[in-house]
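J.: Let me give you the structure first, and then I'll get to my questions.
The values are calculated or read from the model by the stated rules, or taken from the named source; none is laboratory data. Not measured: the values here are computed from a predicted model. Cβ placement follows ideal geometry from the backbone for every residue including glycine, while neighbour counts extend to all protein chains displayed.
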Amino acid sequence: METKEYRHRGFCGIGIYGSKFSENAGTLWRSSLILGADFTFVIGKRYKEMPSDTCKSWRHISMFEFKAFEDFLCALPKGASLIGVELDPRSISVTTYKHPERAVYLLGAEDSGLPQDILGKCDDIIQIPASISLNVAVAGSIVLYDRNVKSRANV
């Protein structure tokens, strides 16, 4: 009996809680499409479509909009790990992090990050080694790139 080989295992989504600058959201959505995310999302009211998403990624991968974190949490896919991306004393460096097969990455707003009560609901918190916070689109792109490279190495 021959076993079927799967090209793609698991899934990942990425999104922003309360994004301050719409341009950053558009850039992250574009990177998400290019770097293999399965879906994107935004939580809160500070988002509109942006020309920085030149690929119009919402046409190619699912894009979800949630009014509140609680709505997002109720819609979290079954079996998904919620991974906060934040400079926090509890965070693990992305350089040594083993990404879960089913992950949803959550980034905070550019000006305030992720609130402590939301960080408390995350399964893991990761950070990109830096002395100050990165632009949210850059941080999300680096996380997706790291996941992509590490998953290819394990194939």
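J.: Please tell me if residue 110 is closer than 12 Å to residue 16 by Cα and in contact with a strand residue (DSSP E or B) (Cβ under 6 Å, 6 or more places away or on another chain). So that I can check it myself, show each step before the final result.
T.: Working: closer than 12 Å to residue 16 by Cα: yes; in contact with a strand residue (DSSP E or B) (Cβ under 6 Å, 6 or more places away or on another chain): no.
It is false that residue 110 is closer than 12 Å to residue 16 by Cα and in contact with a strand residue (DSSP E or B) (Cβ under 6 Å, 6 or more places away or on another chain).
J.: Using beta carbons and a limit of 6 Å, which pairs, at least six apart or on different chains, have the first residue in region 123-149 and surrounded by 22 or more Cβ atoms within 10 Å (Cβ to Cβ) and the second one modelled with pLDDT under 90 and of a type in the set (A, V, I, L, M)?
T.: Correct list of pairs: 137/28; 140/28.
J.: Condition check: within 26 Å of residue 151 (Cα to Cα), within 14 Å of the chain's Cα centre (by Cα), of a type in the set (A, V, I, L, M, F, W, C) and modelled with pLDDT of 95 or more. Does residue 75 satisfy that?
T.: Working: within 26 Å of residue 151 (Cα to Cα): yes; within 14 Å of the chain's Cα centre (by Cα): no; of a type in the set (A, V, I, L, M, F, W, C): yes; modelled with pLDDT of 95 or more: yes.
Considered against the rule, which asks whether it is within 26 Å of residue 151 (Cα to Cα), within 14 Å of the chain's Cα centre (by Cα), of a type in the set (A, V, I, L, M, F, W, C) and modelled with pLDDT of 95 or more, residue 75 comes out as no.
J.: Sticking with this structure for a sec: Just checking, which of 62, 19 is exposed (fewer than 14 other Cβ atoms within 10 Å of the Cβ), closer than 25 Å to residue 123 by Cα and modelled with pLDDT under 90? Explain how you work it out, then say what you get.
T.: Details: 19 fails: exposed (fewer than 14 other Cβ atoms within 10 Å of the Cβ).
When all the criteria are applied, what remains is 62.
J.: How many residues does region 101-148 hold that are in contact with an Asp or Glu (Cβ under 6 Å, 6 or more places away or on another chain), in a strand (DSSP E or B) and either at pLDDT 90 or above or β-branched (Val, Ile, Thr) (or both)?
T.: Count: 1.
J.: Filter region 107-122 down to residues that are among the charged types (D, E, K, R) and within 23 Å of residue 79 (Cα to Cα) and give me whichever is surrounded by the fewest Cβ atoms within 10 Å (Cβ to Cβ). Show your work before the answer.
T.: From region 107-122, those among the charged types (D, E, K, R) are 110-111, 117, 121; that's our starting set.
Okay, now just the ones that are also within 23 Å of residue 79 (Cα to Cα), so 117, 121.
Numbers: 117: 8, 121: 14.
In this case the residue turns out to be 117.
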